[in-house]
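Worksheet for the structure shown next.
The values are calculated or read from the model by the stated rules, or taken from the named source; none is laboratory data. None of these values were measured; they are calculated from a predicted model. Glycine gets a Cβ as well: all are built from the backbone with ideal geometry, and neighbour counts include every protein chain shown. With ligands, DNA and RNA removed, areas are computed over all heavy atoms of the protein, side chains included. Shrake-Rupley method; radii C 1.70, N 1.55, O 1.52, S 1.80 Å.
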Amino acid sequence: MSHDRARTDGPAPALELRGISKRYGPVVACDAVDLTVQRGEVHGLLGENGAGKSTLMKVLLGLVHADAGEILRDGARVEVHTPLQAAELGLGMVHQHFSLIEPLTVWENVALGEPGRVDRNTICADVEAVGARYGLAVDPTATVERLSAGERQRVELIKALRRDPKVLVLDEPTSVLTIAESAALFEVLRTAVAAEGRGVILISHKLAEITAATDVVSVLRRGRLAFHCRTADTSAPELARQMVGRDVSLRAEGAALGLVVTDDPAKHLTPVLAGGLGAVPAEPPAPEASADVPGTAALALHGLCVAGPDGRTLLDHLDLEVATGEIVALYGVEGNGQATLGDLLSGLMAPDAGEVRVDGRPVSLDRPGALHHAGVGVIPEDRHRSGVVLDMSVADNLVMTDLRRFSGRLLMRRAQIRAQAEELVERFAIRTPSVDAPLRTLSGGNQQRVVLARELSANPVVLVAAQPTHGLDVGAIEDMYARLREAAASGVAVLLISTELEEVMALASRIAVISSGRITGVLDVADASPQRLGMLVGGEAA
Amino acid sequence: MTTVSGPAGTPRRPLAGYIVGSVGLRRPSADAWRTAGITVLCVAVAVGLAALLVTFADGSPVEVVDALFTGSVADTAGWSQTLVNAAPLLLVALGACIANRAGVFNIGQEGQLLIGAMVGCFVALRLQGPGWIVITVALVAAAFGGGAWSGISAAMYYTRGTNVVVTTLLLTFIAAQVVQFAVNSPSLLQEEGMGSGPARPQSDAVPDYLRLASFGQYPDLTIGVGVIVAVVATVVLAVLLARSRWGFRLTMLGLNPMAARHAGVRASRLGGSALVLSGAFAGLAGGVILLGTVFRLQPAISNNFGWDGLLVALVARSRPGLALPVAVLFGALRSGSSYLAATGVPDYLVDVVQALLVLAFVVPPVLSTLWARRLRNRAPVADTPARPTAAAPAKEEVQV
Ligand SMILES: Nc1ncnc2c1ncn2[C@@H]1O[C@H](COP(=O)(O)OP(=O)(O)OP(=O)(O)O)[C@@H](O)[C@H]1O
Ligand SMILES: [Mg+2]
């Protein structure tokens, strides 16, 4: 493979990985991987969930020790054993999962881990300067726990960029940014990279991002380098095929990958909804019909009010109904109350006012687990926070919300748990060496799948899915969409919380728009146009 | 290659497997060997230092080492004493394991143990009835006493959010005052005095028929009821933590409270009861000391068993199965030290010697971790800057 990349002319590449191998017990995470990053180049790294992308990058950053292989920086062999050495060599990374300390402020988080004296004013100024430069505005004095996921992601990026890395690794940096936000970011990043001669490795599952923002692209499959070429010479479908090893339908799923043209999504997507679903099971027949029948709302939210600890209004008399068999999308710009609603429906907090009814019966929200008991399945937005216990096994995580079913009077029924876990691992294609492996050792996308598997398999009456495709690879997104439609077809009321217009248009039959904690309007997907939605998002009635 | 879900995973483990597993005997890694090596070294250094100290105090180092050994594990009499000491340590440690698992850090065992001993003493001296009933009631009451004491901390934490570490610690000092008061008030627990001299600040002795039985006769090995209770509790707790729904929920709460809540765990109930339970174990330890060895309530009855028991749990990384051998080890240090005191070495020196030995067993895991990290950081320093421009070592490039 390496011969078509070998360049005899020009300076030594900024970074070169040669024959990197890493094995975890029986799992070969990386298998003799070669990777070259030239100066001024953005190198896309693709691969299925569990292909070994993060592991390879952790080797580069000194977080994981490779079993074999070598790293060359500007043509000279280097040893990277700790993140500090990596930093000295000008290597920086934004990790797949947040690594911010929540009670600290933005500037404190940015300064964290830097040697030398810490000066508040310089760092604050830096944060603002970097933010202005790359279009990542964030208040340096804000406390991180108050920030939305998108803002946190910006802080991570600023933290890495401020250290002025010569080679920057971005591991799914945009999964919580909207397509528009990430497009803006990459445009700036690209020009900056080219002008300053930096190298960037970009890991992403959003093919649009890869095709738009990278110069060359490499695909990992099961730890091996499966494909490598210049981005200009390939296409999204080709990349998807190289990744999965088969053809992937990129129709509606294209939404989550950012492949759908965004000028007029309604027009563009109608044919997709009408019949272009390919291998995907048939769409629920006319879900709108059931939505009109009064009294059948499987999930009804009435007058929900929540005030934040600082007195800020998070939810403001929020009303929303989802009927059985219908997919309703809650669409809006990130940070307008979606996270609060997600927490509320996960049973993590009780509202100040208002009620939640499931199947017509009110649920007492201050009893933990009451919502789950009533049949509400939740795929939380931040899976690490409330979705999983990283230090427990895959099997334990798969049954965690339904312990009574898997235990006798006193003791857990291990055999039954294993059987259930093995079935789910099989059904949801979770890649793990065994169901006893700690969840922490799974790849990011496979951790997501564990949550999806658990919540979908609990036969919920209502399924709340917040950003369900974040972190999933192409194949898994395809699968996810099919499952959501399947769930709706079998009578589950699905509430899809999403910031992606295309995803919303592709999946939902009705779209509720949230702005400043209020529902500003509910539209049938047929009546929805970007203009009308845009007005609602801005808080005006359409 | 990587998607294996079949029976290739771990086979079903029988009960014994769980216990062995929770003791940590599964895979002695390189780290384990390093830690063992460091431990041997540390103990040697501690013994050396102790010997040195004793020499300065005009004692004989050889006799010190000999006394430490004879008093703890040299013969059945030593072992008997070691086990007597190990029982309350183990009970306290079990309680600490429960609280730590749930993510609430109780450090007030010393006070909970005192209160337990006091309540147990009250019951034993006031309640009339057949011996075994009174003993049982007294032990249960001791557990209740300790549980109630830590329950105060639980209530403060889950209603007002007051830090558990702070409240359990401060309540220890209050507990000491309460016991002082009790043994100084004739209307409460102060001894009647036998007509000879004034009453001292301690309770009457518990009558003979209320003392915990032990099996075996000196000089054979004797095993007290306290030891049996502690070992049974260890096994039960190890199984419950590893296999019960309660243990599962407790672990979940400790590792990720948010996810636990999502899964229906009410932190105030489960975490609060874990804290109460850990106090109850400390209280029970107080009862066992009272009825098993000291027989009367004295302000010094706790004798650091609470602190040391907490230490046992920490060394055992909150695993009951591992706490058992660690408690025996700490028990041996205690019996060795008291034997040493009996040979005429001054008390303060005995304390120093004991502290040195405890350190020798607590420190090695930490040193081992630091060392491992050091090794990793050090290696490349000698390596990296040495080849600045030796571009691309002549290794073949084509590797695929
Ligand atoms: N600490 C670990 N212990 C054991 N196995 C691990 C560990 N870390 C990763 N693995 C395994 O290595 C493989 C590659 O994981 P990696 O995180 O690199 O995947 P990835 O390409 O980043 O996937 P994703 O898109 O899901 O983030 C996975 O099968 C994973 O289970
Ligand atoms: Mg990853």
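Some points to look at:
- Residue in the stretch A:361-374 that is at the interface with chain B (Cβ under 8 Å from one of its Cβ atoms), assigned to a helix (DSSP H, G or I) and crowded, with 19+ Cβ neighbours inside 10 Å present: yes
- Filtered residue count, the stretch A:73-93, keeping only those that are within 9 Å of chain B (Cβ to nearest Cβ) and touching a helix residue (DSSP H, G or I) at 6+ places or on another chain (Cβ under 6 Å): 4
To keep it simple, each residue is scored yes or no on (1) surrounded by fewer than 22 Cβ atoms within 10 Å (Cβ to Cβ); (2) modelled with pLDDT of 90 or more; (3) within 13 Å of ligand 2 (Cβ to nearest atom).
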| residue | (1), (2), (3) |
| --- | --- |
| A:ILE20 | no, yes, no |
| A:VAL28 | yes, yes, no |
| A:GLY47 | no, yes, yes |
| A:ALA51 | no, yes, yes |
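- Here A:VAL356 clears all of (1) touching a helix residue (DSSP H, G or I) at 6+ places or on another chain (Cβ under 9 Å); (2) more than 9 Å from chain B (Cβ to nearest Cβ); (3) part of a loop (DSSP other than H, G, I, E, B) except the condition numbered (3).
- With respect to the conditions (1) without any contact (Cβ under 8 Å) to a residue 12 or more places away in the chain; (2) assigned to a loop (DSSP other than H, G, I, E, B); (3) open to solvent by 30 Å² or more (accessible area, probe 1.4 Å); (4) in contact with a Pro (Cβ under 9 Å, 6 or more places away or on another chain), B:ARG261 falls short on a single one, namely (2).
- For A:GLU502: the one exception among (1) farther than 25 Å from A:GLY47 by Cα; (2) in contact with a Pro (Cβ under 6 Å, 6 or more places away or on another chain); (3) open to solvent by less than 30 Å² (accessible area, probe 1.4 Å): (1)
- Residue check for A:PRO468: away from chain B (no Cβ under 14 Å), away from ligand 2 (no atom under 16 Å from the Cβ), touching a Ser or Thr at 6+ places or on another chain (Cβ under 9 Å) and part of a loop (DSSP other than H, G, I, E, B): yes
- Selected residue (criterion: nearest to A:VAL306 (Cα to Cα)) from residues of the stretch A:344-353 that are more than 10 Å from chain B (Cβ to nearest Cβ) and surrounded by fewer than 17 Cβ atoms within 10 Å (Cβ to Cβ): A:ASP352
- Flag for A:MET57 being assigned to a helix (DSSP H, G or I) and within 16 Å of ligand 2 (Cβ to nearest atom): yes
- Exactly one residue out of A:ARG413, A:ARG440 is over 30 Å from A:ALA508 (Cα atoms), touching a residue at least 40 places away in the same chain (Cβ under 8 Å) and more than 8 Å from chain B (Cβ to nearest Cβ), and it is A:ARG440.
- B:LEU270 vs. criteria within 14 Å of chain A (Cβ to nearest Cβ) and either surrounded by 24 or more Cβ atoms within 10 Å (Cβ to Cβ) or not aromatic (Phe, Trp, Tyr) (or both): yes
- Scan the stretch A:86-100 for residues that are at negative phi and open to solvent by less than 30 Å² (accessible area, probe 1.4 Å) and the total you get is 6.
- The set of residues in the stretch A:375-394 that are within 9 Å of chain B (Cβ to nearest Cβ) and without any contact (Cβ under 8 Å) to a residue 60 or more places away in the chain comprises A:ARG385, A:SER386, A:VAL389, A:LEU390, A:ASP391, A:MET392.
- Among the residues listed as B:LEU359, B:LEU375, the single one being among the aliphatic types (A, V, I, L, M) and modelled with pLDDT of 85 or more: B:LEU359
- Among the residues listed as B:GLN177, B:GLN128, the single one being over 26 Å from the mean Cα position of the chain (by Cα), over 24 Å from B:LEU314 (Cα atoms) and either without any contact (Cβ under 8 Å) to a residue 40 or more places away in the chain or in a helix (DSSP H, G or I) (or both): B:GLN128
- Every pair of residues 6+ apart whose Cβ atoms lie under 6 Å, when the first sits in the stretch B:295-312 and is in a loop (DSSP other than H, G, I, E, B) while the second is crowded, with 24+ Cβ neighbours inside 10 Å and not hydrophobic (A, V, I, L, M, F, W, C): B:ARG296/B:SER203; B:LEU297/B:SER203; B:SER302/B:GLU110
- Criterion (in contact (Cβ under 8 Å) with a residue 12 or more places away in the chain and under 29 Å from B:GLY272 (Cβ atoms)) met by exactly one of B:SER150, B:SER203: B:SER150
- Pairs linking a residue in the stretch A:162-176 that is in the same structural domain as A:HIS43 (by TED's automatic domain parsing) and open to solvent by 10 Å² or more (accessible area, probe 1.4 Å) to a residue that is of a type in the set (A, V, I, L, M) and within 16 Å of ligand 1 (Cβ to nearest atom), with Cβ atoms under 7 Å and 6 or more positions apart or on different chains, are A:GLU172/A:ILE203.
- For the stretch A:429-453, a residue qualifies if it is crowded, with 23+ Cβ neighbours inside 10 Å and in a loop (DSSP other than H, G, I, E, B), and the qualifying residues are A:ILE430, A:THR432, A:VAL435, A:LEU442, A:SER443.
- When B:TYR218 is tested against (1) of a type in the set (Phe, Trp, Tyr); (2) open to solvent by 50 Å² or more (accessible area, probe 1.4 Å); (3) at pLDDT 90 or above, just one condition goes unmet, and that condition is (3).
- Residue in the stretch A:17-59 that is nearest to ligand 1 (Cβ to nearest atom), counting only those that are within 14 Å of another protein chain (Cβ to nearest Cβ) and in contact with a Pro (Cβ under 9 Å, 6 or more places away or on another chain): A:TYR24
- Qualifying residue in the stretch A:187-203 (condition: within 16 Å of ligand 2 (Cβ to nearest atom), free of Cβ contacts under 8 Å to residues at least 60 places away in the same chain, not in a helix (DSSP H, G or I) and not β-branched (Val, Ile, Thr)): no
- Filtering the stretch A:208-222 to residues that are within 16 Å of ligand 2 (Cβ to nearest atom), closer than 14 Å to A:THR234 by Cα and open to solvent by less than 10 Å² (accessible area, probe 1.4 Å) leaves A:ILE210, A:SER218, A:VAL219.
- If you check B:VAL294, B:VAL312 for being farther than 17 Å from B:VAL229 by Cα, open to solvent by 30 Å² or more (accessible area, probe 1.4 Å) and modelled with pLDDT under 95, only one passes: B:VAL294.
- Qualifying residue in the stretch A:71-87 (condition: of a type outside the set (A, V, I, L, M, F, W, C), outside any helix (DSSP H, G or I) and closer than 30 Å to A:LEU314 by Cβ): no
- Any hit, the stretch A:452-469, residues being touching a strand residue (DSSP E or B) at 6+ places or on another chain (Cβ under 7 Å), within 16 Å of ligand 1 (Cβ to nearest atom) and farther than 21 Å from A:PRO173 by Cα: yes
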